[in-house]
Every structure is written in C-alpha cells, then in structure tokens.
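Here's the structure we're looking at; comments come further down.
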Amino acid sequence: MATASVSFKSREDHRKQLELEEARKAGLAPAEVDEDGKEINPHIPQYMSSAPWYLNADKPSLKHQRNWKSDPNYTKSWYDRGAKLFQANKYRKGACENCGAMTHDKKSCMERPRSVGAKWTNINIAPDEKVESFELDYDGKRDRWNGYDPSTYTRVIADYEAREEARKKYLKEQQLKKLEEKDGEEGDENVASEEEDEEDGLKIDEAKVDESAQMDFAKVEKRVRTTGGGSTGTVRNLRIREDTAKYLLNLDVNSAYYDPKTRSMREDPLPDADPNDKFYVGDNQNRLSGQALEFKQLNIHAWEAFDKGQDIHMQAAPSQAELLFKSFKIKKEKLKSENKDKIMEKYGNAASEEPIPRELLLGQSEKEIEYDRTGRIIKGQDVALPKSKYEEDVFINNHTTVWGSWWKDHQWGYKCCKQTIRNSYCTGLAGIEAAEASADLMKANMARKEAAEDEPVRHEEKRLATWGTDVPNDLVLDKKLLDEALKKEGARRKEEMDERKRKYNVKWNDEVTAEDMEAYRMKRIHHDDPMRDFLH
C-alpha cells in the first residue's frame with residue numbers, strides 16, 4: 001500500500017487491509033492506482049511505498065521516490081568552444097580597442113596586442129564570441145569531465161597505433177638485416193654445412209610462423225552492439241581454436257570434475273596417459289609447482305613464526321616476511337650442512353675416495369675392557385653417567401653449585417653460599433658468616449625477650465572518679481554544691497531537648513568548679529553503658 005499518512009484503524013480494518021494486500025500480491029485483486037492513474041506494484045516494500053509524514057500525501061503515490069527536488073533550470077550542456085557570432089566592418093562604440101569585438105574589453109583581450117588598435121584603423125575587426133551562461137547543479141559544478149569531447153581521444157589512440165606500427169617495422173628490418181648477414185657468412189662455408197643451412201632455414205620459417213601467430217593472438221577486435229555504432233568492449237583471442245577444451249579430454253562421467261563457473265578442473269583428466277603426450281595435467285599442478293609452492297611455504301613459515309611469538313604478518317608486512325623466510329632458509333641450510341659435517345667426521349664418508357679406518361671397518365680397537373660375570377665394566381672404560389633432558393651443571397649468578405645442592409629447615413638452596421632464595425647472587429663465605437652472625441643475634445634477642453616476659457610489670461593503682469577519669473588525691477567535693485550542680489546539669493539537658501524553653505537572652509559563665517565537672521561526668525551518657533536507654 002503506497003500511502004503516506006498512517007491513520008488509526010481498528011483491528012477489523014487492519015485485517016481487511018492485510019487480506020487486500022495479499023490478494024493484490026497473488027493477482028486476485030486489481031493493483032492500487034496512484035494519482036496519475038498508474039498501477040502500483042504490490043510487491044514494493046512498505047518502507048519504499050510509504051511517503052514521509054511531512055509531505056501530507058492523502059492518496060497513494062510513488063512521487064516521493066522520484067527526483068522531485070530536481071530543478072528544471074539546471075542543465076548539463078557546456079560552452080560552444082570557439083563559436084563566433086557577428087563580425088562588424090567598422091569599429092563600434094564600447095568594443096575592444098585592440099581587436100574590435102564587443103564581447104570583451106581591451107584588458108580581457110586574448111589577441112596579440114596590435115601596434116595600432118582596431119579603434120583607430122577600422123581594419124580586421126574580430127568577430128564577437130558566443131557568450132553563454134549556464135546554471136549548473138551540484139554535480140555539474142564538480143564534474144571534471146563536463147564539456148569533454150570523447151572524439152578528441154581518437155588522436156591519442158592514433159598516436160599510439162602509429163608508434164606501435166613504427167616499432168614493429170623497425171624490429172622487422174632488424175630481423176631481416178640479421179638474416180642477410182647470416183646468409184652472407186654461410187655462403188662462404190663448405191658444402192658440408194648445407195644440411196645445417198637447411199635446418200636454420202626451417203627454424204627461420206617456424207619463427208616467422210610463430211611471430212605471425214603471436215601477432216594474431218595479440219590482435220584486439222571491437223564488438224559493436226549499440227544502435228549508435230559504439231563499441232561496448234574488446235575481445236582478445238585468448239585461446240587457439242585448434243586446442244581441445246579441458247572438459248572434452250575425458251568424457252567419462254566419473255573422471256575429473258569440471259567446474260563451469262570458475263572454469264577449473266583440479267584433477268588430471270587423463271591420469272593413465274603418457275606424461276609426454278599430455279599438455280594439461282590439472283590445475284593442481286600449477287598450485288604445487290613454481291612460485292605458487294614457494295608462496296605457500298612462505299605463508300606456512302609466517303603462520304608458524306607468529307604462533308611462536310614472532311611479530312610477523314604476511315599481509316601487513318610482506319617484505320619483512322619474505323626477508324625473514326630467506327634468512328630462515330639460509331640458517332636451515334647452514335645447520336643442515338654442519339650436522340652433515342659432524343656426522344661425516346664421526347662416522348666417515350663411504351662415498352669419499354679416502355680409505356676407511358681399520359678400527360671403524362672391522363669394529364676393533366686396541367683398548368682392553370674387562371667385564372665381570374654380570375656384564376659390568378670393571379676397568380678399561382669410563383662409566384657413562386645417564387643424562388636427563390634438563391640442562392645440567394649450569395651455574396648462574398656467580399654460584400659454584402646448582403640449586404638444590406643444599407637442604408636445611410625444609411628448604412632447598414645453594415651449597416656454595418647457603419642461600420635459600422632462588423636466582424640470588426652468590427655471596428660466598430662472607431655471606432655464610434653474615435648469615436650465621438644474624439642467626440646468633442636473632443637467638444640472643446629472642447632469649448632476652450623471653451626473660452623479660454617472665455617478670456610481670458607492676459602498675460600503680462589509681463583512684464578513678466565516675467566513668468574512669470583520674471581524680472587527684474587532694475580533691476574534696478562539697479556534697480551540697482554537688483547536688484546543686486546535678487540539678488543545674490539536669491535543667492540544662494532538659495533545655496537542650498526542648499527548644500521552646502530556651503530563653504532569648506543567654507547568660508554564660510566560664511567559671512567551672514570541681515562539682516560542676518563531677519556532675520557533668522555523672523550525667524554524661526556513655527555508648528558502652530548497657531543502661532543508657534533507661535536514664536531518661
């Protein structure tokens with residue numbers, strides 16, 4: 001439905017509208033008609049057929065999809081270059097003083113300045129130029145090819161064709177010149193070289209045929225399929241027509257699969273045929289040979305290097321990846337040659353001309369080895385200690401022993417300096433002495449602390465006043481004054497709780513007696529007191 005404003009509809013009207021749209025899509029109901037009487041395709045989506053709300057479209061229409069903002073005044077035409085209009089016979093008032101044209105003044109004149117202008121001579125009055133003004137749209141102002149004449153490009157094509165013809169002609173002349181020189185040299189030879197001359201002549205003829213075929217291969221033909229006679233493209237002879245297509249080499253249904261979309265056949269269509277007679281062995285042959293195989297190996301090396309932590313990426317830095325791959329191949333070949341030399345030095349080279357040592361040839365030597373009844377070596381050969389896969393006897397940080405050569409207090413350490421911290425620097429005997437002195441000092445401090453804890457410290461008992469405050473020994477409180485201070489403190493607290501009883505003129509007294517202080521301490525509420533909620 002091509003409507004713009006969506007009005008409120010009841011559920012029944014909405015259901016009828018949906019049924020009508022389905023019938024229109026099925027072709028059972030006539031299509032909707034717009035303002036101009038044209039039918040609206042019912043299969044157009046709603047987001048395209050519905051008009052914006054600000055257009056206030058009451059009837060179904062598709063005008064909002066057309067270019068309704070286009071200005072008819074805009075044009076795509078261009079200036080008529082070099083067009084001339086009227087040419088006067090005598091000078092006119094207001095014309096150019098140099099050439100006599102009315103369309104410009106002397107300052108804007110593009111002709112050569114005359115010694116005496118046309119204003120005074122009235123001779124060779126220049127014609128008026130055709131002055132045009134266009135109102136271009138946004139795209140027209142920014143179109144770099146606006147006003148370009150495509151027919152002018154034929155001069156560029158003709159120039160290139162002339163260069164190509166001259167090049168071919170020059171190459172042909174050079175070839176004929178070489179053939180003439182060769183024929184002149186061969187004419188002075190003996191009769192025994194006549195057969196070679198015939199073979200050379202055949203080769204020359206074949207080269208001429210191949211050159212002509214190659215020129216025919218590079219020939220470009222134009223296809224003309226437009227009514228105006230313009231060419232829609234070019235066709236190059238990419239295949240010799242006598243060749244058999246790859247999908248016709250083996251018509252067996254179960255043979256190699258041919259993909260018509262990509263025109264590829266990966267497997268060999270004739271696997272049992274003679275390799276010398278086959279000109280096509282499948283597309284996989286191109287992928288597994290030549291530069292394709294090298295590129296595949298380069299990609300695999302980049303992936304493996306990236307997995308091992310190298311900052312290498314084939315797409316981001318291809319030159320870096322290729323250089324790393326070349327250095328990797330050089331190092332690999334070097335390592336391979338070193339291993340080969342070591343093996344040949346140890347076991348000898350059977351392919352060399354040097355005689356093999358007698359000890360290696362017969363498996364004998366003059367060393368005497370004595371065994372016991374169980375097969376153990378008693379003397380004559382050193383006992384080989386078994387080695388593990390881990391590095392052995394590797395000393396770091398100036399240590400002379402390995403980690404784990406010393407054990408104390410359930411801790412491993414180095415025997416050379418008796419340190420239990422791994423990868424620490426070796427301090428030698430000085431470190432051992434310092435550690436022992438530190439241990440002795442620690443033991444002395446611990447013994448002194450234990451002796452001090454055995455004798456408890458006696459504290460003097462202090463007489464505390466109410467709520468734990470210190471009370472001097474010479475303090476004497478008057479009971480009457482204390483009662484008055486308690487009453488006064490109670491009244492003050494009531495006044496604080498009820499703001500209405502506060503007087504307008506407040507009197508303040510800075511003199512605080514010991515009784516007042518004791519009354520404040522007695523009335524004060526402590527948060528740790530369990531009976532604080534029952535005081536008031």
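Any chance region 452-470 includes a residue that's modelled with pLDDT of 85 or more and more than 60 Å from the chain's Cα centre (by Cα)? Within region 452-470, not a single residue is modelled with pLDDT of 85 or more and more than 60 Å from the chain's Cα centre (by Cα).
Listed here are the residues, each with its yes/no results for (1) of a type in the set (A, V, I, L, M, F, W, C); (2) outside any loop (DSSP other than H, G, I, E, B).
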{"position": "105", "(1), (2)": "no, no"}
{"position": "109", "(1), (2)": "yes, no"}
{"position": "120", "(1), (2)": "yes, yes"}
{"position": "126", "(1), (2)": "yes, no"}
{"position": "133", "(1), (2)": "no, no"}
{"position": "139", "(1), (2)": "no, yes"}
{"position": "144", "(1), (2)": "no, no"}
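Within region 258-302, being among the acidic types (Asp, Glu) and assigned to a helix (DSSP H, G or I) holds for one residue alone: 294. Pairs meeting the criteria (first residue in region 408-436 and charged (D, E, K, R), second residue in a helix (DSSP H, G or I), beta carbons under 7 Å, at least 6 apart or on different chains) are 418/432; 418/435.
Among residues of region 485-535 being modelled with pLDDT of 75 or more and of a type in the set (Val, Ile, Thr), the one that is surrounded by the most Cβ atoms within 10 Å (Cβ to Cβ) is 513. Looking for something modelled with pLDDT of 85 or more and open to solvent by less than 60 Å² (accessible area, probe 1.4 Å) - is there at least one such residue anywhere in region 390-400? Checked region 390-400: at least one residue is modelled with pLDDT of 85 or more and open to solvent by less than 60 Å² (accessible area, probe 1.4 Å).
Residues in region 118-156 that are without any contact (Cβ under 8 Å) to a residue 12 or more places away in the chain, open to solvent by less than 70 Å² (accessible area, probe 1.4 Å) and farther than 22 Å from residue 86 by Cβ: 151, 152, 156.
Would region 320-327 turn up any residue that is assigned to a loop (DSSP other than H, G, I, E, B), surrounded by 12 or more Cβ atoms within 10 Å (Cβ to Cβ) and either charged (D, E, K, R) or modelled with pLDDT under 90 (or both)? Within region 320-327 (the criterion being assigned to a loop (DSSP other than H, G, I, E, B), surrounded by 12 or more Cβ atoms within 10 Å (Cβ to Cβ) and either charged (D, E, K, R) or modelled with pLDDT under 90 (or both)), the answer is no, since none of the residues qualifies. In region 271-293, the residues that are touching a residue at least 24 places away in the same chain (Cβ under 8 Å) reach residues that are open to solvent by 100 Å² or more (accessible area, probe 1.4 Å) and basic (Lys, Arg) with C-beta atoms within less than 8 angstrom, at least six apart or across chains, in these pairs: 282/266. With respect to the stated conditions, residue 305 fails to be among the hydrophobic types (A, V, I, L, M, F, W, C) and either part of a loop (DSSP other than H, G, I, E, B) or in contact (Cβ under 8 Å) with a residue 24 or more places away in the chain (or both). Flag: residue 30 matches the condition of being part of a loop (DSSP other than H, G, I, E, B), modelled with pLDDT of 85 or more and open to solvent by 80 Å² or more (accessible area, probe 1.4 Å).
Being at pLDDT below 85 and surrounded by fewer than 10 Cβ atoms within 10 Å (Cβ to Cβ) narrows it down to one residue among 354, 359; which is it?
Details: 359 fails: surrounded by fewer than 10 Cβ atoms within 10 Å (Cβ to Cβ).
Answer to the check: 354.
Scanning region 293-311 for residues that are loosely packed, with under 12 Cβ neighbours inside 10 Å and among the small types (Gly, Ala, Ser) yields a single hit, 309.
The values are calculated or read from the model by the stated rules, or taken from the named source; none is laboratory data. The structure displayed is predicted, hence computed values, not measured ones. Quick reminder, even Gly has a Cβ in these numbers, built from the backbone with ideal geometry, and neighbours come from all protein chains shown. In case anyone asks, the SASA skips ligands and DNA or RNA and just uses the protein heavy atoms, side chains included. Shrake-Rupley method; radii C 1.70, N 1.55, O 1.52, S 1.80 Å.
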